[in-house]
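> Can you keep this structure in mind? I'll have questions shortly.
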Amino acid sequence: MRRRNPSPGELPRWADYALLPAINLAVALLLSGLLVWGLGVDPLQALESLVGGAVGYPEAIGFTLYYATDFIFTGLAVAVAFHCGLFNIGGEGQAYVGGLGTALVCLWLGSWPLWAVLPIAILASAGFGAVWGVIPGYLQAKRGSHIVITTIMFNFLAEALMTYLLVDVLIKPGGQNPESVEFAPGVWLPFIHDILGALGYDMGEAPLNLSFLLALLCCLGVWLFIWHTRWGYEIRAVGHNERAAHYAGISAGRAIILAMAISGGLAGLVGINDIMGVHHRLILGFSNGFGFVGIAVALMGRNHPVGIVIAAVLFGALYQGGSELSFDMPKLTRDLVVVIQGLIILVCGALEHALRAPLDSLFRRPARASAGS
């Protein structure tokens, strides 16, 4: 199969998937450096502290990959919806409800062995998240409700539902904190540091667990589904041109509902990592904004699983390295680290098209010169 050459003015694939994200990241780091310098801190020293805190020792790497696991799930969720032309901002609520499914399985089947509970917990977390995604998808496909509005509202509904359940229904008997009882140790997801420790490698006490492997399997599954199945082709066709897809005999409504079901299911798997793998109980606020970060991860990763993994590791490093940075340099408080993370999300996400225009012009000039000759 011959590779298609880019049309005049169109970015080559290598520039779109590698050069542009690298420029976005460089601009974001430059702006962050100026902000740090304005506070009287050496930007290079701050960068060294951030990188060292993210990947400088084995435990830091474990924390970085733990955060990256959640970002892979939510990034894939946003990407699948994007391929269908949908902007799923509901990853936060879908992850929240997915954690509820995980917790219910672990609470009810606590006496079962892990090998039997894990597949059921994965299905429950993905199923609960899928339901939370299907409803906005159905409203978009059948009632014309805008997916952005409905998914935002479903984030608030998920928060209200979880508050009610953890305050009035699932709260630990006699407890004061809004959390469930602890799961039986037999259904805890193994930590990677325990596995590596048995092999003689010390990774500290990082929360990285086997759900990282599940996230990588989901990347493979999304790649196969989106680019190598009929359903994935229909989703992409609707995303490119819904009217043309309709004339080709593709049901746009079916594609939208399917895309949102898969999107919600992927976001729901955050519950496996955080609830089954780390907290071992259902708690309030465990999703911690990961659903929103997934939007930036998908944008920076160009909605491709490989790019999403790279972007997720980057944002995981920012989360972990930012914690170390605020500890090493008291002037750079945790709130300022959040501002720096926000700058990177802003440039790599919201301002991506603003930086694309100059790059388009740069590649358009050689095309005009060749056409003129």
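> Just the residues that are of a type outside the set (S, T, N, Q) and farther than 18 Å from Gly268 by Cβ, please, taken from the range 143-152.
First, pick out the residues of the range 143-152 that are of a type outside the set (S, T, N, Q): 143-144, 146-149, 152.
Listed by number, the residues that qualify are Arg143, Gly144, His146, Val148, Ile149.
> With the condition being more than 16 Å from Leu76 (Cα to Cα), I'd like the helices (runs of 4 or more DSSP H) fully within the range 207-258 carrying at least 3 qualifying residues.
230-240, 242-247
> Still on this structure: Based on this model, can you work out whether Leu214 counts as open to solvent by 10 Å² or more (accessible area, probe 1.4 Å) and farther than 19 Å from Asn88 by Cβ?
Numbers: open to solvent by 10 Å² or more (accessible area, probe 1.4 Å): yes; farther than 19 Å from Asn88 by Cβ: yes.
Judged against the criteria, Leu214 is a match.
> Six or more apart or on different chains, Cβ under 7 Å: which pairs go from a residue in the range 330-348 that's surrounded by fewer than 18 Cβ atoms within 10 Å (Cβ to Cβ) to one that's assigned to a loop (DSSP other than H, G, I, E, B) and of a type outside the set (A, V, I, L, M, F, W, C)? Could you list them?
That search, which allows pairs on different chains as well, returns Lys331/Gly40.
> Out of the residues in the range 101-123 meeting the condition of being within 15 Å of Ser180 (Cβ to Cβ) and open to solvent by 10 Å² or more (accessible area, probe 1.4 Å), tell me which one is modelled with the lowest pLDDT. If you could, list the steps in order and put the result at the bottom.
Going through the range 101-123, the residues within 15 Å of Ser180 (Cβ to Cβ) turn out to be 101-110, 121.
With the extra rule that they be open to solvent by 10 Å² or more (accessible area, probe 1.4 Å), the set shrinks to 104-105, 107-110.
On the way: Leu104: 97, Val105: 97, Leu107: 95, Trp108: 95, Leu109: 95, Gly110: 91.
Checked the range 101-123; the qualifying residue modelled with the lowest pLDDT is Gly110.
> For the structure I just gave you, tell me whether Ala206 is at pLDDT below 95 and either buried (at least 19 other Cβ atoms within 10 Å of the Cβ) or among the aliphatic types (A, V, I, L, M) (or both).
Values: at pLDDT below 95: yes; either buried (at least 19 other Cβ atoms within 10 Å of the Cβ) or among the aliphatic types (A, V, I, L, M) (or both): yes.
In short, yes.
> Would you please name the residue that is nearest to Phe82 (Cα to Cα), looking only at residues in the range 226-255 that are open to solvent by 40 Å² or more (accessible area, probe 1.4 Å) and aliphatic (A, V, I, L, M)?
Looking at residues that are open to solvent by 40 Å² or more (accessible area, probe 1.4 Å) and aliphatic (A, V, I, L, M), I get Ala244.
> Going by what's in this entry, would Gly277 be described as of a type in the set (Gly, Ala, Ser), open to solvent by less than 40 Å² (accessible area, probe 1.4 Å) and within 16 Å of Gly75 (Cβ to Cβ)? Break it down stepwise before answering.
Details: of a type in the set (Gly, Ala, Ser): yes; open to solvent by less than 40 Å² (accessible area, probe 1.4 Å): yes; within 16 Å of Gly75 (Cβ to Cβ): no.
No; evaluated as a whole, the condition is false for this residue.
> Condition first: of a type outside the set (Ser, Thr, Tyr), open to solvent by less than 30 Å² (accessible area, probe 1.4 Å), within 17 Å of Gly268 (Cβ to Cβ) and at pLDDT 95 or above. Can you find one or more residues in the range 57-69 that meet it? Spell out how you get there, then give the answer.
Restricting attention to the range 57-69, the residues satisfying the condition of being of a type outside the set (Ser, Thr, Tyr) are 58-63, 65, 68.
Within this subset, residues satisfying the condition of being open to solvent by less than 30 Å² (accessible area, probe 1.4 Å) are 60, 62, 68.
Checking the rest, the ones that are also within 17 Å of Gly268 (Cβ to Cβ) come to none.
No, the range 57-69 has no match at all.
> Among (1) more than 20 Å from the chain's Cα centre (by Cα); (2) open to solvent by less than 10 Å² (accessible area, probe 1.4 Å); (3) modelled with pLDDT of 95 or more, there is one condition Ala259 misses while meeting the rest; what is its number?
(1)
> Next question. Assuming Tyr201 fulfils every condition listed in (1) out of contact with any Pro (no Cβ under 8 Å at 6 or more places or on another chain); (2) open to solvent by 40 Å² or more (accessible area, probe 1.4 Å); (3) more than 28 Å from Ile89 (Cβ to Cβ) apart from one, which condition is it?
Only one criterion is unmet by Tyr201, namely (1).
The values are calculated or read from the model by the stated rules, or taken from the named source; none is laboratory data. Worth saying up front: this structure is predicted, and the values here are computed from it rather than measured. Note that each Cβ is placed from the backbone with ideal geometry, even for glycine, and that neighbours are counted across all protein chains shown. The accessibility values were calculated without ligands, DNA or RNA, using every heavy atom of the protein model including side chains. Shrake-Rupley method; radii C 1.70, N 1.55, O 1.52, S 1.80 Å.
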